[in-house]
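Q: Structure incoming, see below.
The values are calculated or read from the model by the stated rules, or taken from the named source; none is laboratory data. The structure presented is a predicted model; accordingly, all values stated were derived computationally and were not measured. Note that we place each Cβ from the backbone using ideal geometry, even for glycine, and neighbour counts take in every protein chain shown.
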Amino acid sequence: MSMIELNRVSFRYRDEQEDSLCEISASMDTGSCWCVSGPNGCGKTTLFRILAGLEFPTAGTYRCGGEEITAKKMKRNEFSWNFHRRVGYLFQDSDTQLFCSSVEEEIAFGIEQLGFSDAEIRDKTDEYLELFNLTRIRKKAPFHISGGEKKRTALAAILVTEPEVLILDEPYNNLDEDMQAWLLEFLEKLKSPERLILFADHHRNSASALADHFLYLNKHHRIEKDDAEARQRVL
Ligand SMILES: Nc1ncnc2c1ncn2[C@@H]1O[C@H](COP(=O)(O)OP(=O)(O)O)[C@@H](O)[C@H]1O
Ligand SMILES: [Mg+2]
């Protein structure tokens, strides 16, 4: 059984005439790193929102850890809590992800939700502020920090909960070259036999080197090529 199993998943937004994803099937195991690529509008974000439990297939099934993920189950607090603890999702746009009044609160929020003790919350928050070079701006409002700092804050807030599945929607967007190099190195270190990493990218860049599996969506919202062929397209 794979960590993530998609079986002919299609998705259509409410009131739309066409599917935004068509019959996507894939099996993704822990220990692997997937690059999902394809032109703007092909459905990368839609796919990731389904994987992150924010949208649900209109047809087909999505299983995570063997369990089918449905809207009905996700309405149950305990189910949703367990799911979100295992699956971390970095939004394409950090502004839509960040909502707390300071950088440190942003990082503490996830572990507060997970019921960590006050001492653990303090220690973990300090550790991740340091790790992401955010200590200096810990009291600042996310609204008033730079794009790179926002991205680092959003990443820290997700990683502090140590998710098994890490979904990153165009993590390199709006990062300067130094930050991109830093992130590449950081993600490389996050690879582990217990973790599944997915990231989306719409153009060729050095991030693709991180991936060991590739999935290419075409403008018709279908998997055009997988793995070896998609790899050639991206690298
Ligand atoms: N909230 C939405 N409502 C209706 N259509 C949407 C919505 N979000 C995205 N779409 C459409 O779904 C398709 C896939 O979009 P998206 O998943 O954002 O692609 P990508 O991330 O690859 O650029 C596009 O045709 C887009 O216009
Ligand atoms: Mg997108």
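Q: State whether the residues of the stretch 168-188 include one that is in a helix (DSSP H, G or I), among the aromatic types (Phe, Trp, Tyr) and free of Cβ contacts under 8 Å to residues at least 40 places away in the same chain. I'd like the intermediate steps shown before the answer.
A: We begin by selecting, within the stretch 168-188, every residue in a helix (DSSP H, G or I); these are 177-188.
Filter once more, keeping what is among the aromatic types (Phe, Trp, Tyr): 182, 186.
Adding the requirement that they be free of Cβ contacts under 8 Å to residues at least 40 places away in the same chain leaves 182, 186.
So far as the stretch 168-188 goes, yes, one or more of its residues are in a helix (DSSP H, G or I), among the aromatic types (Phe, Trp, Tyr) and free of Cβ contacts under 8 Å to residues at least 40 places away in the same chain.
Q: With the requirement that a residue be out of contact with any helix residue (DSSP H, G or I) (no Cβ under 7 Å at 6 or more places or on another chain) and not in a loop (DSSP other than H, G, I, E, B), what does the stretch 3-19 give you? If you could, list the steps in order and put the result at the bottom.
A: To start, the set of residues in the stretch 3-19 that are out of contact with any helix residue (DSSP H, G or I) (no Cβ under 7 Å at 6 or more places or on another chain) comprises 3, 5-8, 10, 12-19.
The answer is 5, 6, 7, 8, 10.
Residues are listed down the side, and each one gets a yes or a no for (1) touching a Pro at 6+ places or on another chain (Cβ under 8 Å); (2) of a type in the set (A, V, I, L, M); (3) closer than 30 Å to residue 223 by Cβ:
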| site | (1), (2), (3) |
| --- | --- |
| 26 | no, yes, yes |
| 30 | yes, no, yes |
| 43 | no, no, yes |
| 59 | no, yes, yes |
| 80 | no, no, yes |
| 97 | no, no, yes |
| 122 | no, no, no |
| 125 | no, no, no |
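Q: Assess whether residue 108 counts as being of a type in the set (Gly, Ala, Ser), crowded, with 18+ Cβ neighbours inside 10 Å and either modelled with pLDDT of 95 or more or part of a strand (DSSP E or B) (or both). Break it down into steps so the answer makes sense when it comes.
A: On the way: of a type in the set (Gly, Ala, Ser): yes; crowded, with 18+ Cβ neighbours inside 10 Å: yes; either modelled with pLDDT of 95 or more or part of a strand (DSSP E or B) (or both): yes.
Yes.
Q: Among the listed residues 37, 25, identify the single one that is at pLDDT 95 or above and over 13 Å from the mean Cα position of the chain (by Cα). Explain how you work it out, then say what you get.
A: On the way: 37 fails: at pLDDT 95 or above.
None of the others qualify; the one that does is 25.
Q: Moving on. For the stretch 25-39, what are the residues that are within 16 Å of ligand 1 (Cβ to nearest atom), on the phi < 0 side of the Ramachandran plot and not in a strand (DSSP E or B)?
A: 39
Q: Just wondering, is there one or more residues in the stretch 1-15 that are surrounded by 15 or more Cβ atoms within 10 Å (Cβ to Cβ) and within 16 Å of ligand 2 (Cβ to nearest atom)? First the steps, then the outcome.
A: Here is the first cut: in the stretch 1-15, the ones surrounded by 15 or more Cβ atoms within 10 Å (Cβ to Cβ) are 2-7, 9-12.
Filter once more, keeping what is within 16 Å of ligand 2 (Cβ to nearest atom): 11.
Yes, the stretch 1-15 contains at least one residue that is surrounded by 15 or more Cβ atoms within 10 Å (Cβ to Cβ) and within 16 Å of ligand 2 (Cβ to nearest atom).
Q: Among the residues in the stretch 108-125, are any among the acidic types (Asp, Glu) and within 29 Å of residue 2 (Cβ to Cβ)? So that I can check it myself, show each step before the final result.
A: Residues of the stretch 108-125 among the acidic types (Asp, Glu): 112, 118, 120, 123.
Cutting the leftovers down to within 29 Å of residue 2 (Cβ to Cβ) gives us none.
Checked the stretch 108-125: no residue is among the acidic types (Asp, Glu) and within 29 Å of residue 2 (Cβ to Cβ).
Q: Also, I was wondering about something else. Which members of the stretch 40-77 meet the condition of being more than 16 Å from ligand 1 (Cβ to nearest atom) and at pLDDT below 95?
A: 77
Q: Which residue pairs have Cβ atoms closer than 6 Å, lie 6 or more positions apart in sequence or on different chains, and pair a first residue in the stretch 198-210 that is at pLDDT 65 or above with a second residue that is within 16 Å of ligand 1 (Cβ to nearest atom) and aliphatic (A, V, I, L, M)?
A: From residues that are at pLDDT 65 or above, the pairs are 198/167; 199/168; 200/36; 201/207; 208/234.
Q: Can we say residue 22 is closer than 27 Å to residue 172 by Cβ and assigned to a strand (DSSP E or B)? Working first, answer last.
A: Working: closer than 27 Å to residue 172 by Cβ: yes; assigned to a strand (DSSP E or B): yes.
Considered against the rule, which asks whether it is closer than 27 Å to residue 172 by Cβ and assigned to a strand (DSSP E or B), residue 22 comes out as yes.
Q: Then there is this: Give the residue, chosen from 60, 38, that is within 14 Å of ligand 2 (Cβ to nearest atom), small (Gly, Ala, Ser), over 28 Å from residue 110 (Cβ atoms) and in contact (Cβ under 8 Å) with a residue 40 or more places away in the chain.
A: On the way: 60 fails: within 14 Å of ligand 2 (Cβ to nearest atom).
That would be 38, the only listed residue that is within 14 Å of ligand 2 (Cβ to nearest atom), small (Gly, Ala, Ser), over 28 Å from residue 110 (Cβ atoms) and in contact (Cβ under 8 Å) with a residue 40 or more places away in the chain.
Q: Now, a different point. Looking at residue 53, is it assigned to a loop (DSSP other than H, G, I, E, B) and either within 22 Å of residue 147 (Cβ to Cβ) or touching a helix residue (DSSP H, G or I) at 6+ places or on another chain (Cβ under 8 Å) (or both)? Steps first, please.
A: Working: assigned to a loop (DSSP other than H, G, I, E, B): yes; either within 22 Å of residue 147 (Cβ to Cβ) or touching a helix residue (DSSP H, G or I) at 6+ places or on another chain (Cβ under 8 Å) (or both): yes.
So residue 53 fits the description; yes.
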